[in-house]
Each structure stands twice: as structure tokens, then as C-alpha cells.
Amino acid sequence: MKSFLASSIMVVLLSVSLYSQEEYIDTVKIPVQDQLDQLKSNDESVNEILLDMKSYIDLARKLKFSGYMQTQYQVSDGIGNGAYPIGAFAGGAFPTSVGSRFQVRRGRLKVQYENDLTFSQYVLQFDVTQNGLGIKDAYINIKDPWVKSWNFKTGVFDRPFGFEVAYSSNMRETPERSRLAQTLFPGERELGAQIEFAPELGDWTNYNLKLGVFNGVLPNSNENDNRKDIIGRVGAILPFDELNFAVDGGISIYQGTVRNTSKFAYTFNELQKQFTVDSTATNAGKNYERQYIGVDGQIIYDIPSLGGISIRGEYITGTQPGTSSSNSFYNPATIQALDIPGGKTKSQIEATSLYQRKFYGFYVSLLQNIGTKHQLLLRYDVLDPNTKVSGSEIGTAGKATTIADLKYSTFGVGYLFHLDDNVKFTFYYEFVSNETVNSAATNAALVPFKSDVKDNVFTFRTQYRFPF
Amino acid sequence: MKKIIATLLLMTFSSSMFAADVITVKGSDTMVILAQRWAELYMKKNPNVTIQVTGGGSGTGISALINGTTDICNASRPMKPAEKQKLKLRFSTLGVEIKTAKDGIALYVNEKNPVKTLTLAQVKDIYTGKITNWKEVGGNDSRIILYSRENNSGTYVYFKENVLDDEDYSPSCQNMPGTAALVNAVAKDANGIGYGGSAYAKGINEIAVKSDASSEAFLPNAQNVKEGKYPITRFLFMYVKSKPTGAMKEYIDWILSDEGQIVVSKVGYFPLR
């Protein structure tokens, strides 16, 4: 009886236990299934969100922002004055009575939209400094979709002449371009259209060509005549990889004209060492040549255990139309404002008259890399804006020569430290030498140049850029 | 003044001379596993050398080389002329290209996909969007789902230039951030197709590729890649700014040695010799 009772109790307990376990398994099974369904649903939701986000990511990949800022402290061995400019080619003339200054030299922000499928590109670049906001680049670039070697560019962009004009300020080792480049190509950019041949594959990858048609004025000016200027460069690169050595270079041309707003056109008579004037009435509105030809070259050699060295140079010669007091190009848009109808004073006539000068200029620079962070730099540049006259011939009474005929040479020495891929420090001292004029010169503007004026400039620059 | 200049020069030279014991390596995602294995093994043998390896894609690695933020750039494609020009402007050097291994770019399909072979022309037509259904190449009647890499990937560029003949990828391509992600996507997608280094081909089928309709089909295995039979074969590169010296030279020499090349095979790529 006892054993029967015990067996019965065991059966009951076992049944209860089994029932409870089944019930437990059911209660566990249902939530797990729910959770799996929930996870699957979540997975689909995440996928939908990711697909939605993908469209934004694709847009972000096409829309690129980049920029750089250059702040600097400069000090000169002279003091800004009304008699002659200091630092005019080192970031802008020092104001009167000022011998040192802080500047935001460049504050660039570039917005770029690139469509990989149509090979088109939209570029807008702003420049913000203490002087305000300006537009530097505004262009559209379209790559040919067939052989992908040709580009068509239109808008405001760098003139395709030589090396230095198109060499970005954030990459350039010297704080500013040479006096030559700044005189011939103020603002570097121009309004126009250009074709470029720059193959990425095949046998022609070491050759390139740029040819463009431009208004021939300043980047921020409107066209003022019906003639367009042609600018072009053809270049080649010769790499000798086994020798760690490369040579590259190019030839450039500028074939343009400017419109004379006055009837006075001066040319320099080499025999008489003076300007002579042609005042035929039909000279007003007539176009005068603005023509340059240039060669540029670069040699690089990678010195084992030290770093790469490069020697770079550029030589440009040609005819520059200017004014009596300026050897920058004759810009009718600026001159016209001075061209007062009716009687003019002598200074007004001089300011609006066109002066043709034969010029030449060059620069040579040597850059030595030391490791990845340090660079040492030497540069020598020369601009002779009037090759037909020199030294004491300038300033002789009655010859009409002015400060615009003065030859300048500049020797610069610098050190660059790249803190990281964003920050670069530049220390640069430039010794500026001017041609000394006739000791009997009476022209007030020329009098200070009877000796070398004090206009050397030291620059300490900090640059931050993002991304590369 | 002379003392100051001498001190500055000494600091300048010394910092550049002693910087080589830490070697940074950046670039190709295809090569990242290989580069990590090389680094691990080399550091075990040379505890005084630290090698830091990161991926990001060949384009990212080349930018880092140009910026001076990496010592070695891994790239699964050659540098472009524009990139060489940037390097030249920044460092006055041409860069040094080192071939480190061979790779067959494998075409991945899902394990359930019955398609086993494709011609190069079919691959091109699939990825340019001319062939959109698997039945056109002997498979099921279902839409082909294209998986590709992002445009900073060397594999993306190589595939575009050498398989698509520089034509554009179909706009329907889904771009994946890395080869592992791409393989994972194809493994889950019965109608998917992707491409990448053969070292990654796990959990999916590899397609045997024919140069043309009349030729034999080859899988991207060691023998076929080594003998040049597999038609989508490329080199895997390292780029350095200048001719390597010191610790970096020793490391690269080791990679090119038999010991380094054994690692290439173990990871799933193909040694140079």
C-alpha cells in the first residue's frame, strides 16, 4: 500500500513537474520568436534608414569643402611713406608711418561639386581678409566623357601662363609670387574659357596643353573692348625614376591688346633714351599690343637620406602697355575714370596716356626638403620693366622716365616648418634692391631712388588648411 | 646667433634622422590584412621597430603620403600622374613604387547562384548595366544586384580601368565601404555580384573568368594568377616618398624576402616569385 501511495505521489509530482516545464518552455519560446521578429523588423528599418542616409552620403561625397587661412606678422627695415612703397609685392604696401603689421593675408573657402557620372565640376572660391570678402574662383569644368583627356573650363580661373601664376598660394613656399608675376598677372585669374589636354592614361601622360581666350582685364572687371586675349602653355615632364631625378618645363604665350582711351601713345626711343609721343587723334580707341612669351622649368632630385631638392625658374619677356607711373598693364576700365573730357592737366594726360615698354623678368628658386617637416628656401627674382633704359639714364631731365622704369631685384631666404598636414609656419626675409637713378633727378617720385631705399620685409606666416 | 642656427639645424636633421623607428603604413583596404600580418610578424622579430597599419583605401593612403602623414602608402593601383605631380610639388621627389604581391580580383556570387563562369565582356556588360538579369548569362530569371567599392578604393579604380575599359559603373551599383562588407552583402544576397581581393572570398562562390567566349575559364587561385592565366590580375604596391633607408628599408627588404612573401601566400594573395 505504502509503495502504491509512494508511486502515485511520484507520478503526480512528475506530471506536475513536466507540465510546469512545458509551460515554461512555451513562455520562453514565444518571447524569443517575438524578439526575432522584432529584430528582423528592426533590421529592415535600419536598412531603410541606411538607404535614406546613403543619398545624403552620396551628396556629401560630391560636395567638397576645402580652404586655408594665412595670418602673418611682417616687419620692414623702413617705414611706410608717401614717397615710395614698401611691401607692395609682399602682401600690399605698408601704410604711411607703419613699419610692422599683422594681416590675414588670405582666408579661402572653396566649395566644389563634382559629378562623377558626367565628369563635370562646379567651383566657387571666396577670400575673406581684414579688408572684406572677395571672389577668387568661379568656374565650371567639364571633362570629355570619351577619352577623358580634355577639359573645358569657363568662368573666372587662373590664367594658363607659366608655372607660378597657377601654383596655389597654399602650396607655394614663398609668401608671395615674384614681382614679375604680380606685375604681369595681377590677381592671377581672368574671365574666359579654356581647353586643357591632360591625359591620365597612355603615352601622352607626360605632356599637357592649356589654351584659353580671355577678356584681358582684371578678374573682377567687365570687358571693355571687343578684342579677346589668347593665353596658352604647352608643357612636358621628363621623369627619370631610377635616378630619382625629373625635369619638367613649358613654353607660354600671351597674345593680347589693350584699348588706348587717350590719343597719346608713348614709345621708348632707345637712341635718345627717352619716351616719344604720338598724339594722332585716331590713337584714341586704338588697340596696342600686350604680348609676352615665357619659359619655365623645374629640376628635382631626391637626395638620399636628406630629402628632395628642386630648382625652379621662369623667364618672361615681351611688350607691356602701361602708363607713365605704372608698369602694370594699361587697363582702360581704370584709366577711363581719369579721362576727363575737355582740357586736361599735365598729370591727367600722363595718367591716361599709354606707354609701351619692352620688359624682361625672371626668378630662380632653390628648395631643399629635410625629412618631411622642414624646408629651406632661397629665391632670386628680377623685373626690368624697361629694358631700353637703366641706372643713371633714368631721371635725366626731359626724358619722361619715371619710377615705372626702375629695375628691381629681390633676394629671399626662408625656412618652412610643417607641423602636421594642416599647419605650416613660414619664416621669410626678402632683401629688395632697386636700380639707382640719376643723381641729378628732380622728379619728386624718383628722388628717393638715388640710392637703394629701405624696403626689405620679414614675414612670419602661419597657415592652416583643410583638408588637403 | 651662430649657436642658435647650429642648434636649429641639429634639431632639424636629428628629428628627420631618428623618425624612422616608428613606421606608419596607410592605404588600400585590400591590403590591410596582409599589411597587418607583415607588421605583426616583423615586430615580433624586431621589437625595437613599431609599425602602425591603417586602411582607408588607396586614394586615402596616397593623400597621406602627399601630406607627409604616412611613411608607407599601400595601394592596389598605380599612382596617377596628378598624384605624382602633387608629391613632386610638396617634397621634390617622384616617389618610389614597390611591387609587393600579386592579386587576382575575384568575382563573388552567392553560394546559391548557379552561374559558375563569365567572360570578361559579360563582366563588363554586367557592371556597366547592359546585362541586368542573371538569365542572360545562364543563371536564374532574376535581377542582378551589383555591389561595388567606393571611388577612393584602388580596386574600384583598377576594375574600372581594366575590366570596364574606363566606362562608368552602372548607377545601380551599391558602393560598399570595404571588401569585407561587400563579401558579407553578397553572402546574404542570392542575386548579388561583387568583386575584390581573392583573400576575402569566404562564404561565397568565386566565378571562373574567361578572357573571351572561346577561351578557357580560370579561377583566381595561386597557380592561375602566377601563370597569368586568370585574366584579372594586378600587382599590390607600396609607395614611399623617397628611396627607403634605415629601418624602413630593412622592413621593405624583409617584405620582399622569402619570409615576407610566405605571408603573402598565407593571407591568400600571390607572391611575386
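Taking each of A:Lys62/B:Lys160; A:Lys143/B:Lys160; B:Lys26/B:Lys124 in turn, the alpha-carbon distance tops 22 angstrom for B:Lys26/B:Lys124.
FRET efficiency for the A:Phe431 to A:Thr280 pair, using the beta carbon distance and R₀ = 41 Å, is estimated at 0.35. The mean number of partner chain beta-carbon atoms within 10 angstrom of a residue's beta-carbon across peptide A:368-381 is 4.
Run the numbers on chain B and let me know its relative contact order in percent, using alpha-carbon pairs under 8 Å that are six or more apart.
Working: 529 pairs, mean separation 71.4, N = 273.
For chain B, the relative contact order is 26 percent.
Taking B:Ala82, B:Ala180, B:Ala222 as the candidate residues, the one with maximal mean-square fluctuation in a Gaussian network model of chain B, Cα springs under 10 Å, is B:Ala82.
Please give me the summed charge of the neighbours of B:Arg234: other residues whose Cβ is under 9 Å from its Cβ, Lys and Arg +1, Asp and Glu -1.
Details: positive: B:Arg77, B:Lys102; negative: B:Asp103.
Spelling it out: positives minus negatives among the neighbours equals +1.
Highest average first, the peptides B:261-272, A:90-101 ordered by how many other beta carbon atoms sit within 10 Å of their residues are B:261-272, A:90-101.
Counting only DSSP beta bridges whose two residues both lie in the stretch B:104-233, roughly 60 percent are antiparallel. With a cut-off of 12 Å between beta carbons, the residues surrounding A:Val104 carry a summed charge of +4, where Lys and Arg count +1 and Asp and Glu -1. Projecting the Cα atoms of A:Gln272, A:Gly297, A:Thr257 onto the charge dipole of the stretch A:242-380 (Cβ charges, centred on the Cα centre) puts A:Gln272 farthest toward the positive pole. Measuring nothing but how far apart in sequence close Cα pairs (under 8 Å, 6+ apart) lie, relative to its length, the stretch B:104-233 scores a relative contact order of 39 percent. Using θ = phi - 60° in the Karplus curve 6.51 cos²θ - 1.76 cosθ + 1.60, the 3J(HN,Hα) couplings for the stretch A:101-113 round to 6, 9, 9, 9, 5, 9, x, 9, 9, 10, 10, 9, 10 Hz; x is entered for Gly and Pro.
Compactness of the stretch A:67-466 is given as radius of gyration and Dmax, 22.1, 71 Å, from Cα positions. Mean residue ellipticity, 222 nm, helices only, chain B: the sum of -39500 (n - 2.57) across DSSP H runs of n ≥ 4, divided by residue count and rounded to 500, is -11500 deg cm²/dmol. Within the stretch B:131-220, the trypsin sites (Lys or Arg not before Pro) that combine a DSSP coil assignment with at most 14 other C-beta atoms in a 10 angstrom radius are B:Lys202.
Quick check on the exposure proxy: order A:Glu114, B:Glu111 from fewest to most C-beta atoms within 10 angstrom. Could you put the intermediate results ahead of the total?
Working: A:Glu114 16, B:Glu111 11.
Least to most surrounded, the residues fall as B:Glu111, A:Glu114.
Please give the calculated 222 nm ellipticity per residue for chain A, where each DSSP H segment of at least 4 residues contributes -39500 (n - 2.57) and the sum is spread over every residue; nearest 500 deg cm²/dmol? Working shown, then result.
Details: 4 runs with 78 residues, N = 468.
After summing the helix terms and dividing by residue count, I get -5500 deg cm²/dmol.
Packing, as the average of other Cβ atoms within 10 Å across residues, places the peptides B:114-123, B:65-74 in the order B:65-74, B:114-123, highest first. Per-residue shielding of A:303-314, expressed as the average number of other chain Cβ atoms within 10 Å of the residue Cβ, stands at 4. What the phi angles of the stretch A:87-93 give under the Karplus curve with 6.51, -1.76 and 1.60, with θ = phi - 60°, is a coupling list of x, 4, 10, 10, x, x, 4 Hz, glycine and proline written as x. Would you work out which of B:Asn152, B:Val137, B:Tyr108 lies farthest towards the positive end of the dipole of the stretch B:104-233, given +1 charges on the beta-carbon of Lys and Arg and -1 on that of Asp and Glu, about the Cα centre? It is B:Tyr108, whose Cα lies furthest towards the positive end.
For chain A, the longest principal axis of the C-alpha atoms and the axis of helix A:2-62 are separated by about 10°. Between A:Leu243 and A:Phe458, the modelled labels are 4.1 nm apart [label points 7 Å from Cα along Cα→Cβ].
What's the magnitude of the charge dipole for the stretch B:17-96 around its Cα centre, counting Lys and Arg as +1 and Asp and Glu as -1 at the beta-carbon? Answer in Debye, nearest 20.
Details: 10 positive and 5 negative charges, 50 e Å.
Once rounded to the nearest 20, the dipole reads 240 debye.
For the protein assembly as shown, report the % of Cα-Cα distances exceeding 47 Å. If you can, show how the numbers build up before the last one.
Details: 99630 of 274170 pairs.
More than 47 Å apart: 36 percent of the Cα pairs in the protein assembly as shown.
Out of all DSSP beta bridges with both ends in the protein assembly as shown, state the antiparallel percent to the nearest 5. If we restrict to bridges inside the protein assembly as shown, about 90 percent are antiparallel. The distance linking the stretch A:442-456 with the stretch A:241-311 is 26 Å (Cα centroid to Cα centroid, whole angstrom).
How crowded by other chains is B:166-172, given as the mean number of beta carbons from other chains within 10 Å of each beta carbon? Walk me through the intermediate numbers first.
Numbers: counts 5, 1, 5, 2, 0, 1, 0.
Mean shielding count: 2.
Taken together, the values in this text are just the output of simple stated rules run on the coordinates, not laboratory data. Please read these numbers as outputs of a predicted model, since none were measured by experiment. As a convention, Cβ positions derive from the backbone with ideal geometry for all residues, glycine included, and neighbour counts pool all protein chains shown.
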